[in-house]
1. Whole-Hz Karplus ³J(HN,Hα) for region 83-96, in order, using 6.51 cos²θ - 1.76 cosθ + 1.60 and θ = phi - 60°, x for Gly and Pro?
2. Could you work out how much longer the chain between E129 and A42 gets when fully extended? Use 0.36 nm per residue separation minus the Cα distance between them, nm to one decimal.
3. Hey, can you grab everything whose amide H is under 5 Å from the amide H of N118? Only 5+ residues off in sequence or another chain; H modelled, so Pro and N-termini drop out.
4. So who's got an amide H within less than 5 Å of the one on R85, skipping anything under 5 residues away but keeping other chains? H placed 1.01 Å off N, in plane.
5. Would you grab the residues whose amide H sits under 5 Å from the one on V76? Only those 5+ places off in sequence or on another chain, please, with H modelled 1.01 Å from N.
6. Residue separation times 0.36 nm, minus the C-alpha to C-alpha distance between R55 and S31: what's the value?
7. Hey, what do the phi angles of region 119-129 turn into as Karplus ³J(HN,Hα) couplings, whole Hz, using 6.51/-1.76/1.60 and θ = phi - 60°, x for Gly and Pro?
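Every number in this text was worked out from the coordinates using simple rules, so none of it is lab data. Please read these numbers as outputs of a predicted model, since none were measured by experiment.
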Amino acid sequence: MTQLVEQAAAAIAAARSGSEGGGNRKMLTFSVGGEVYALGIACIKEIIEYGGVTRIPMVPDFIRGVINLRGAVVPVVDLAARLGRPSSEVGRRTCIVIVEVQSGDDRLDVGVVVDAVNEVLDVADSDVEPAPSFGANIRTDFIAGMARDKGRFIIVLHESRVLAVDELAAMQVH
C-alpha cells in the first residue's frame with residue numbers, strides 16, 4: 001500500500017510542477033464503489049494512507065470523522081456516502097486524498113476517502129464534455145464534466161460542491 005501512495009504522490013508532485021499548456025488538464029483518477037472519478041490536480045495537496053480517523057458525533061453521515069494532519073484538524077468525507085452510495089469499506093488500497101476546497105475567501109483542507117488511487121491523466125480540454133443533465137447516478141451539480149479516456153467516460157467531480165465548505169467549515173478547529 002505504501003508504495004502505491006508514494007507513486008501517486010510523486011505523480012501529483014510531478015504533474016503540479018509541470019506546465020499545463022496546450023489546452024490540457026491534469027486529473028487524478030480514483031475508484032469509489034466500482035466507479036472511476038477524477039479531480040483536477042490543482043486542488044489536490046497530497047495522498048495519505050487511510051488511518052487515524054476519529055469519529056465525531058452528530059455530523060452528517062458522509063463525514064467519517066477527522067484526522068490530525070501535521071497538527072491540523074482535517075475533516076474526512078466518505079465520498080461513497082456523499083454520492084448517495086453505501087459507505088466505503090476500508091481495504092488495503094483505501095486512501096485519503098487531501099483536497100483544498102475554496103469557497104469565497106474560505107479555504108479548507110478536506111480528506112476524501114477513496115477505494116483506490118488509479119493514475120494522473122493528462123486530458124485535452126476537447127476530451128471533456130459538459131455534465132449531463134440526466135442519466136448520471138449522482139447529483140448533477142456534483143459533476144464538473146465527463147472526461148473521455150481510452151474509450152470510456154470518467155466523471156470529473158466539482159470539488160467545491162461535493163465537498164461543500166459551508167457544511168465542513170463548521171467542523172474546522174482553529
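1. After applying 6.51 cos²θ - 1.76 cosθ + 1.60, I find 8, x, 10, x, 4, 5, 8, 7, x, 6, 9, 4, 10, 10 Hz.
2. On the way: separation 87, 0.36 × 87 = 31.32 nm, distance 1.92 nm.
Taking E129 through A42 to full extension adds about 29.4 nm, to one decimal.
3. Residues meeting the criterion, in which the H sits 1.01 Å from N, are T29, F30, S31.
4. Result for R85 returns nothing.
5. R64, G65, V66, I67, G111
6. Values: separation 24, 0.36 × 24 = 8.64 nm, distance 2.33 nm.
Result: 6.3 nm gained on full extension.
7. For region 119-129, the Karplus curve yields 6, 9, 10, 9, 10, 5, 3, 5, 9, 10, 9 Hz.
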